[in-house]
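The values are calculated or read from the model by the stated rules, or taken from the named source; none is laboratory data. Everything numeric in this text was worked out from a predicted model, so none of it was measured. FYI the Cβ positions are ideal-geometry reconstructions off the backbone, even for glycines, and counts take in every protein chain you see. We work out accessible area using only protein heavy atoms, side chains counted, and drop any ligands, DNA or RNA first. Shrake-Rupley method; radii C 1.70, N 1.55, O 1.52, S 1.80 Å.
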Amino acid sequence: MSRGNKVTIAAFAMMICILPQINISYADTFSAGDANGWGFSLNGWPNGKAFKAGDVIEFKYPVGVHNVVKVDKAGFDSCSGAGGQVFSSGDDKITLAQGTSYFICTIGPHCANGVKAAVTAN
């Protein structure tokens, strides 16, 4: 066996030992409100879901009827979008950072009527 073949075999054997140790994590995409979309039918969404940093929340809603504003906890609690990041395309995809992200709708009294969600990503 030539020296080149021995090196190739050794490199291959090392890869077989190392690859199972690598933890590959894929981001998931969640539809805000599930099949109902982002709106008045949130009904406790996202309770019971396991989110992780890097996952994507997709907010689907009719343009002009709702929006999505990413706010801090104070904005979430008071339904104030002041200083928040506004999304209004009707199909907004937002990547979660680790920790809790807060989302509200600032159109009319929508937030006060339940169009809001706090999502915690581990």
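Which aspartates and glutamates, on any chain, are close to K49 with Cα under 20 Å apart, when same-chain ones fewer than 8 places away are left out?
Cα-Cα hits under 20 Å: D28, D34, E58, D92.
Leaving out ligands, DNA and RNA, and with a 1.4 Å probe, what % of the accessible surface on the range 24-122 is carbon or sulfur?
50 percent
Could you tell me the center-to-center distance, by alpha carbons, between the range 25-39 and the range 74-122 in angstrom?
Between the Cα centre of the range 25-39 and that of the range 74-122, the gap is 14 Å.
When the chain is fully extended, how far beyond the present Cα-Cα distance does Q85 get from K73, taking 0.36 nm per residue of separation?
Fully extending the segment from Q85 to K73 adds 3.0 nm.
Rank by packing, highest mean first: peptides 78-88, 62-72, with packing defined as the count of other Cβ atoms within 10 Å averaged across residues.
On the way: 78-88: 14.7, 62-72: 17.5.
Output ranking for 78-88, 62-72: 62-72, 78-88.
Rounded to the nearest 0.05, what FRET efficiency do A35 and I107 have when you use their Cβ-Cβ distance and R0 = 25 Å?
So the FRET efficiency works out to roughly 0.70.
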